[in-house]
Amino acid sequence: MPSYKRPGALLPMSTGYCPGCLHGLATRLVADAIEELNQQKNAINVVSVGCSALNLYSWCGDDIGAAHGRAPAVATGIKRCLPDRLVFTYQGDGDLAAIGLAEIMSAANRGENFTVIFANNQTYGMTGGQMAPTTLVGQKSTTTPYGRDPVTTGYPLKMCELISVLEAPVFVARYALNSPKGVMDAKKGIKKAFELQLAGKGFTFVELLTNCPTNWGMSPLATLDYMNTNTVPYFVPGVYKDKEGGKQ
Amino acid sequence: MITINELYCKGCGYCIKFCPRHILEMGKERSQKGHFYPVNINEEACTSCAICALMCPEAAIEVTAKEG
């Protein structure tokens, strides 16, 4: 029978996130994968700017804060200096897909041997819910009060699709965290990405679709239904690139 | 058997929504932090499937497998 114990890579305190925020779940999945691979002493967490940086409050291990959007550049330096360590960045969509777009594409194109965990909640959570590059068409935010209009602001950026067309990345996948199945798949995907990194295969990218109850203006349970009807059909979950193949 | 740490719980209700046996319910008391937290209303029916723990964003739920 299954049993579950809180991973040791999390500090004994509640997270810094709002009630129902799936960032907490994403952080815990990373901690679970690290515990399963017995890498707690070996892992280095490169955090970005935004709500994703709040995972420092729950992360029990080595970490470093990068400038806004520059986590892949910092992780590149760390991994090149310390090739034996498990290096991963934890970034949100405002950080990775907006200001850090050049960094992530360059790091992916160079095939740097680290893992990017990309939590996509379709908004700038920490600064008050402005429109992010990944905000859905028609989705309301403080800077698009009538819903995102593609005529003036374009369409949501699909990062997995963008990165999967590059030659170097070895594993690119997207998972939705709004259902038990999605969470189980995400857990396996994160573990696989870490294993590929430890085997020295190259760049791995895992996108996790999350929510933002506070800035979407919904109850936590309502955000899960919103994700089902709006987010998941646009950002389709799945494995976009898997050079190594095999089961996951 | 499940153990809910009410100091971590923020009362989002994901565990209640996804429990396949519907044995969790939002409690009437508030925790020290001021959140309502779920209580186990039918411990006998729990199969230790750990889906509540899987969906908990705060890792507030620990599950120990039942004997036998």
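The values are calculated or read from the model by the stated rules, or taken from the named source; none is laboratory data. Please read these numbers as outputs of a predicted model, since none were measured by experiment. Note that each Cβ is placed from the backbone with ideal geometry, even for glycine, and that neighbours are counted across all protein chains shown. Keep in mind that these areas ignore ligands, DNA and RNA; they rest on the heavy atoms of the full protein, side chains included. Shrake-Rupley method; radii C 1.70, N 1.55, O 1.52, S 1.80 Å.
A few notes on this one:
- Here residue A:175 does not qualify as farther than 18 Å from residue A:117 by Cβ, among the aromatic types (Phe, Trp, Tyr) and either open to solvent by 50 Å² or more (accessible area, probe 1.4 Å) or in contact with an Asp or Glu (Cβ under 8 Å, 6 or more places away or on another chain) (or both).
- Residue A:100 vs. criteria at positive phi and either buried (at least 24 other Cβ atoms within 10 Å of the Cβ) or more than 12 Å from chain B (Cβ to nearest Cβ) (or both): no
- Residue selected from region A:215-229 under the condition polar (S, T, N, Q) and more than 19 Å from the chain's Cα centre (by Cα), by the criterion nearest to residue A:136 (Cα to Cα): A:229
- Residue check, residue A:108 touching a strand residue (DSSP E or B) at 6+ places or on another chain (Cβ under 7 Å), surrounded by 21 or more Cβ atoms within 10 Å (Cβ to Cβ) and modelled with pLDDT of 95 or more: yes
- Filter result for the condition that a residue is at pLDDT below 95 and not charged (D, E, K, R), over A:217, A:189: A:217
- Conditions (1) facing another protein chain (nearest Cβ under 8 Å); (2) touching a residue at least 12 places away in the same chain (Cβ under 8 Å); (3) not polar (S, T, N, Q); number of the one not met by residue A:2: (2)
- Residue count for region A:227-248 satisfying the condition of being open to solvent by 10 Å² or more (accessible area, probe 1.4 Å) and either assigned to a loop (DSSP other than H, G, I, E, B) or within 14 Å of chain B (Cβ to nearest Cβ) (or both): 9.
- All strands (runs of 3 or more DSSP E) inside chain B with 2 or more residues being more than 8 Å from chain A (Cβ to nearest Cβ) and open to solvent by less than 70 Å² (accessible area, probe 1.4 Å): B:2-4, B:24-30, B:36-40
- Only a single criterion out of (1) surrounded by fewer than 24 Cβ atoms within 10 Å (Cβ to Cβ); (2) under 23 Å from residue A:231 (Cβ atoms); (3) under 18 Å from the mean Cα position of the chain (by Cα); (4) not hydroxyl-bearing (Ser, Thr, Tyr) is not satisfied by residue A:63, namely (2).
- Residue match in region A:14-22 (condition: within 25 Å of residue A:164 (Cβ to Cβ) and within 14 Å of another protein chain (Cβ to nearest Cβ)): yes
- The single condition from (1) under 19 Å from residue A:121 (Cβ atoms); (2) touching a helix residue (DSSP H, G or I) at 6+ places or on another chain (Cβ under 9 Å); (3) hydrophobic (A, V, I, L, M, F, W, C) that residue A:184 fails is (1).
- Some residue of region A:39-54 being open to solvent by 30 Å² or more (accessible area, probe 1.4 Å), within 14 Å of chain B (Cβ to nearest Cβ), within 24 Å of residue B:10 (Cα to Cα) and under 14 Å from the mean Cα position of the chain (by Cα): yes
- Residue check for residue A:52: polar (S, T, N, Q) and closer than 14 Å to residue A:117 by Cβ: yes
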